[in-house]
Amino acid sequence: MFANPLNRSIKGLSVPVTLARRGKADVVIRKTTGQVLVGRGTYGRQSWNGQTATVFGCTGFLGRYVVARLAREGTKVIVPYRGLQEYARHLQPTGDLGMVVPMEFDLRNSKQIEECVRYSDVVINLIGRNYETKNFSFDQVHIEGAQRIADVSREAGVSRLIHLSSINAKTNAHSRVLVSKAFGEQRVREHFPGANIIRAATMYGYEDELLNNIGRFKHFYLTVNHAQQRL
């Protein structure tokens, strides 16, 4: 039983104090520090369930749905972004005021990563690329970047790390993307023992780069009957 902080005396007027019932699910104990956190507000979006999560790769196809689901459950979400803040602006309305916090970071800067995970209970790494750029190679993203996030999260006392990989990640794969992801899994296990690694298959949805590209450039893809065949 916890007192509702909204009920207080106003200009000498006596306002009755009501008690809000709380259950075990409203109490969160951080494993690393032992700090006791009690959820606030009503259940759902307009509340705080006591959990704080950092979602790397939040501006990608999968990241926006992960952030929206966490925010809807009352989790405070840290959304690290690279480049302009406008890239993460669309994520803020998914949660209540102040519950989705954008923070600028660079994957090669350990100090900025530490600032993003400092108060988090769980860190989710969704960062991945299927092509290289002049700034980042496959190894820098999938191996060095994953290791850096795992290492900093462990030192910061994060309770849980969730790392997204690929279902076909193998060290002897023909694709450099899958090879780098396989070595990235090994680095994550070494630097954050007990990390949860998700090996996802190809994902599709409204903003994906699979079905949309097939529909846009259907004549350049391997199709049956000029993409007119129905199953």
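Each value in this text was obtained by applying a stated rule to the coordinates, not by laboratory testing. Fair warning: this is a prediction, and the values are worked out from it, not measured in the lab. Cβ: placed from backbone, ideal geometry, glycine included. Neighbour counts: every protein chain shown.
Would you mind putting 124-136, 58-70 in packing order, based on average other-beta-carbon counts within 10 Å, highest first?
Numbers: 124-136: 15.8, 58-70: 19.5.
Peptide ranking by packing, descending: 58-70, 124-136.
What aspartates and glutamates does K76 reach when the alpha-carbon gap must be under 20 Å and sequence neighbours fewer than 8 apart in one chain are set aside?
Once the sequence-local aspartates and glutamates are set aside, what remains near K76 is D26, E86, D96, E104, E114, E115, D121.
For the residue pair F217 and S110, what label-to-label distance in nm results when each label sits 7 Å from Cα along the Cα-to-beta-carbon direction?
Each label point is offset 7 Å from its Cα along the Cβ direction, giving 4.0 nm.
Each residue of region 120-129 in order: what ³J(HN,Hα) in whole Hz does its phi give by Karplus 6.51 cos²θ - 1.76 cosθ + 1.60, θ = phi - 60°, with x for Gly and Pro?
Running phi through 6.51 cos²θ - 1.76 cosθ + 1.60 with θ = phi - 60° gives 8, 8, 9, 10, 10, 9, 10, 5, x, 9 Hz.
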